Structures are given as structure tokens and as C-alpha cells.
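Undergrad: This structure is in C-alpha cells; I'll ask about it shortly.
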Amino acid sequence: MNARLLPFVVTCGIFVLAYGLAWLQFPAILSTRVIGNLLTDNAYLGIVAVGMTVVILSGGIDLSVGAVIAFSGVFIGVMLRDTGLHPYAVFVLLLLITTLFGLAMGAVIHLLEMPPFIVTLAGMFMARGAAYVLSIDSIPIRHPAIEAIQSAYWLMPGKGRLTLIAGLMLLTVAAVTLLIHRSPFGTRVMAVGGDARTARLLGVDVGRTTVAVYGLSGFCAGLAGVVFAVYTSAGYSLATVGTELDAIAAVVIGGTLLTGGSGFVPGTLVGVLIMGLIQTYIVFDGTLSSWWTKIVIGMLLFGFVALQKGLVQLRSRKGGGRRRARRQSAQGRAAA
Amino acid sequence: MKNLTAYALFATTALAALPAAAETVGFAQIGSESGWRAAETTVTRQEAEKRGHDLKFADAQQKQENQIKAVKTFIAQGVDAILLAPVVATGWDQVLQEAKEAEIPVVLLDRQVDSSEDLYLTAVGSDLEHEGRVAGEWLVQQVGDKTCNVVELQGTTGSSPAIKRKAGFEAGIAGHDNIKITRSQTGDFTRTKGKEVMESFLKAEGGTEICALYAHNDDMAVGAIQAIKEAGKKPGTDILVVSIDAVPDIFQAMAAGEANATVELTPNMAGPAFDALEAYWKNGTVPPKFIQTESKLYTQADDPQAIYESKKNLGY
């Protein structure tokens, strides 16, 4: 079997196993209602985590996304309240802003050769600050067009609802999966994430790829912001604090290597669903502290990091003798 | 036809028998950001146990997205009623509509939502604005005609207690131009933030300029008292301290003379909520849309030590 897909298979296995165990205890958990909820409730997280997957595949990180989601909600709320613009026009404007914001961060990272961690941390503060400047109060978002989106769902057998925003999330996952695993852009992202210097030698435009990756993440964060605003019908500057970390956790649980260059986009969706399942289980149980969610996710993260480490070592033992020799000689040169 | 009547008969008897059986009630709690919140959780659990209901508890960790998830999961699980203490007032239309369609009554605890009234059964709470007014009126009585600059520690930005306790206090001191709110900032309902913000108030204003502190909850007041002491001032004497909630720690501070007054927000919101639900289950009695609890003022004259003893085991 392809070693690259092994973490994905493990993630799926854990999800099915966990769902099975939960089902043995609470038969009602296996209903289309719960599945519909899992997809709808985590739609924003799924979209933002997919963007994060691309960033991490390129060897970077984007800490700004949680703040961008909060900014998006407040922006939509303020624009709908204070201007006569139609929600769709506001959405397009917002996606433009967040995409440009992502592109700008990508440009700073590439041109000034700054660590993505710092640049996107600054981006996080700026976006959160901008949200507060727009409004510190929670703004209700009400418009016939938005109500139409909210009440658009396909009633599955068993009264479960597959909502439009859940569909949008699945569509995003599918589109980015094709982009990363079936297009030249995806190959470039993988190359940059694997080893930027080698990628450059192979003729990959590292700068353009880096900028595009952060632009894509900004776009996904904006889209997640739209979904979150529709989901909560409110814009609130305190919303989605720490969502960037949830997204990173989902990416890692989904089998993407944190150092970049290796992973599988649909795994991230399964990672998101595992996190949602834990929360659902805790509510079904009704006696456990909800903070167990964090503990279980922490344990899963540890497990996956260990698994990845093992896989990487296995691979380098199998076919990486040459690469190791090269690294050693490079170290020798550095020492001299 | 005969069959149908039998079914109908069976259904009615089954329905009539329901209230006697244990009901499953989902409780979507905000989190445990303050001692009061923890006590509300404890008292709700006690009330459910006393009445023989099965309580499913979900802590939203201060996040609306978690709370929406919890309520939707309760609906999927098919509980008999949902108690909801909403994190923020906005954004509940969809999920309340879903509960209504599933015919699950929702009772709001302690905080309001801006959704239409027919989406929930009733709301139990204190009149938040009234609490603020009681605190304001106490201060008016206390200072008389003296000039008094008040600093205010607000609750979580955008939450309904923060908005209404602010408005109520302002209404309470209205018409008394000698009392002015000179600084007002959020302390997020927490002790540490209350202390931090008070420190910045003291630095900005200079200790002698502040005559009273009004905090939207006791926890922030307790943090602020610490800050006042560290600045070399005497809380309760140099700076009057009035806050809302009446948690045990503030009674201890009152007994020590470091706090002056508190307005009680009773943690027993679940009692009236269960009363309303039981009546509703039994014969469909629809309660009024708002059930108000009492807002009692406590001062240093009320034997704070004794009240501390009686409250400390409530789980604050």
C-alpha cells in the first residue's frame, strides 16, 4: 500500500471504530440527524482546515484564520446593517478582502524571508483588532437572502438535514483535493513543502507558489467566515478564538505531515469529523466534562505525531540512504 | 376505525402517564467563567435529581458554536426539554426553530435571546437592568451630595448582562450630577481581568480620583479589591465597592470591610424552570414568557459572615 495513504487509512479506521463504540452505547447516535449535524456544525471548521492543509503541505502555517473568520462575521454584519448592499455582493467583497489579506501575508513571508509563524501571528492580531474596531458588540445578521441560505437543506431519510453550508464544505474539500492531488499547482505545493531549495533547482517558482498558498488560505478563511456568519446569524468579534489551532489539529489528525510535503486533503475532513464526534459523544453522555474533548484531541495529536515520526524513519531507512548521506555531508560542510 | 380509536386512547393514556416517568432534560450551559455560573450548574443538577429528572449537561466553554452544537445534539437525541443559558443574545433563530419543529420545549436560563418569543417556552431570569439600578440607587444613597467619580468593570462585551447592568446602573444614578462614571472597560467577568483592568484604572486616574467601583459581577470586584490593596488604598473605605451576583467570596470581603454591597442574582434558575416545564408536560400549561427572580441587596449590615457560611457549600 502507498505509505502516503497509511495515515489517512488509520484516521478513517479510528473514526469508524469510535463511531461504532459510541453507537453501541447510544444507538441514536447513528442517525442521519447526527450525521447532518456533524457536517453542518463543523462546516466552517472543515473549510478553514482545508485551507490550512494546503498551507501546511507547503511547509508553512497560518495562524490568522480564526481571527479572519471573526472579522468576516463582523464585516458582514456591519455592511448589511449600514449599507444597502445585497448579501451576495458583501460576500464577494469580503472574499476579495480576505484573499488579498492572505496574498499580502504570503508576499511578506516570501519577499522578507520571514517565518510564516510570525507573519501570520501579526495577521491574526490585525484581523482580530479590525473586527473589534468595526464593532465590539455582537451584531445580528438578518436578511431574506441569508434566511434562504439557512433554510436550504436536503431532508435525508430519518429527518437528518444536509444543509447548504454543509454541501459547500464538501464541495470545497472536493475542489481542493483535485487542486492539490491532480494539478500542477498541487505538485508545486508538495515540492515547496518537501524541500524548497530542491524545488527551486527543479524550476518551481517558490515565491509565486507561497503567495498563492496563503491567498488560498485567506480565501478559505473568508468562506468559512461566510459559513460561520450564516450558521450563527451573527457577527461577533470574540467568536472563533483558537479555531486556527483546531484546524491545525484536524490537519495533523487527518494525516498531513506538519513539516510539509506529504498528506492527503480528504484526511483533514475526517480529522474534523473525529473532533465533532468526540463533542457529540460527550453531549450524548451528558455527564462528562466537555473539556475531555481537548484531552482526547491532545492524545490523538500525540498519537499521530508519533505515527508520522515512525513512518518517516521507516521511509528513510528503506530508500533514503542517499538523502541521509547528502544531509551528513552538508552538515560536515557547515561544521567546517 | 375501531383500531384508530384504540390507538388514540392508547396515545392519550401514554401521554397522560408521561409526567410521572423520569424526563430527560438537556442543559446547555455557557461554561464556568464565574463562581456564580458554577453554582447555577450545581443547583440545576440538585434540582433535577430532587425531581427525578435525568439531566444531560453540556458545557460550551464560552463559545456559541459549541452551544449550538450541543442544542442540536440534544434535539437529535430526542430529549424532553432543553435548558439553555445562551452565551450571546444573537443567532439562535435557526436552532430554536429546529427545536420547535421537533416539539421540544426550550427554557432560557438567566440570559435572553433576540429571537422571536414563540420559539421558546419561557425565560427564567432576574431583571438584569433592575439589578444595575439597585446597585446605582445604593450608591446614590451612600454618597449623598458629595462628588463621586465611579469606575466601572463591565462584563463580557456584547453579553446581555453587561449591556443591561450598565444601563440599569446609569438609570440608578441618573439625575445625580455629582456621580459620574469616569472610566468603563470590560473585565470579561473574570477575577484576573478585573484585577488587570482595575490596575490600569488606578494608574490612569490616580488613586485619589476614584470614589467608587461598580463591577458587573463579584468575581471582577474581588480581583479589583486585590488591585486596590496593592496600590496602597483601602477598598471599602477609600474606594467604595459595589457589585452584583452575591457569591460567597464577596461576603467574606464584606465581612473584612473590603466590599460594601452586592445585589443577589440567585443561582436557582432551574427551580422555576422545572416548575414551568412540569406544568407544561402535565396539562400543557403555557407559562408567561418571562419568569422573574428576586434581586436582593446585601450590605455589610447583613451579617456577611453568616451568609458566607450558608452559601459556601453551594458549589460557587
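Undergrad: Give the residue, chosen from B:Leu265, B:Leu314, that is surrounded by 22 or more Cβ atoms within 10 Å (Cβ to Cβ), touching a helix residue (DSSP H, G or I) at 6+ places or on another chain (Cβ under 7 Å) and within 25 Å of B:Leu84 (Cα to Cα).
TA: On the way: B:Leu314 fails: surrounded by 22 or more Cβ atoms within 10 Å (Cβ to Cβ).
None of the other options fit; the residue is B:Leu265.
Undergrad: In the range A:3-13, is there at least one residue being assigned to a helix (DSSP H, G or I) and farther than 30 Å from A:Ala196 by Cβ? Give the derivation first.
TA: Here is the first cut: in the range A:3-13, the ones assigned to a helix (DSSP H, G or I) are A:3-13.
Within this subset, residues satisfying the condition of being farther than 30 Å from A:Ala196 by Cβ are A:12-13.
Scanning the range A:3-13, I find at least one residue that is assigned to a helix (DSSP H, G or I) and farther than 30 Å from A:Ala196 by Cβ, so the answer is yes.
Undergrad: What's the number of the only condition in (1) in contact with a Pro (Cβ under 8 Å, 6 or more places away or on another chain); (2) buried (at least 23 other Cβ atoms within 10 Å of the Cβ) that A:Ser237 fails to meet?
TA: Just one mismatch for A:Ser237, condition (1).
Undergrad: Here is a follow-up. For A:Ala130, are the conditions met, namely being closer than 22 Å to A:Val251 by Cβ and in contact with a helix residue (DSSP H, G or I) (Cβ under 7 Å, 6 or more places away or on another chain)?
TA: Details: closer than 22 Å to A:Val251 by Cβ: no; in contact with a helix residue (DSSP H, G or I) (Cβ under 7 Å, 6 or more places away or on another chain): yes.
The answer is no for A:Ala130.
Undergrad: Right, next: Can you pull out every residue in the range B:225-254 that is under 21 Å from B:Val134 (Cα atoms) and among the small types (Gly, Ala, Ser)?
TA: Scanning the range B:225-254 gives B:Gly236, B:Ser243, B:Ala246, B:Ala253.
Undergrad: Show me the helices (runs of 4 or more DSSP H) found entirely inside the range B:213-312 where at least 2 residues are small (Gly, Ala, Ser) and in contact (Cβ under 8 Å) with a residue 60 or more places away in the chain.
TA: On the way: elements: B:218-230, B:248-255, B:270-283, B:304-311.
The helices (runs of 4 or more DSSP H) meeting that bar are B:218-230, B:270-283.
Undergrad: Among what's in the range B:39-57 and is within 12 Å of chain A (Cβ to nearest Cβ) and in contact (Cβ under 8 Å) with a residue 24 or more places away in the chain, pick the residue that is surrounded by the fewest Cβ atoms within 10 Å (Cβ to Cβ).
TA: Residue satisfying both the conditions and the ranking: B:Asp54.
Undergrad: Right, something else. Residues in the range A:78-106 that are in contact (Cβ under 8 Å) with a residue 60 or more places away in the chain and more than 19 Å from A:Val48 (Cβ to Cβ): how many?
TA: 2
Throughout, read-outs are computed from the coordinates displayed, never taken from laboratory work. Keep in mind that what you see is a predicted model, and the values were worked out from it rather than measured. For neighbour counting, all protein chains shown are included, and Cβ atoms are generated from backbone atoms with ideal geometry for every residue, glycine included.
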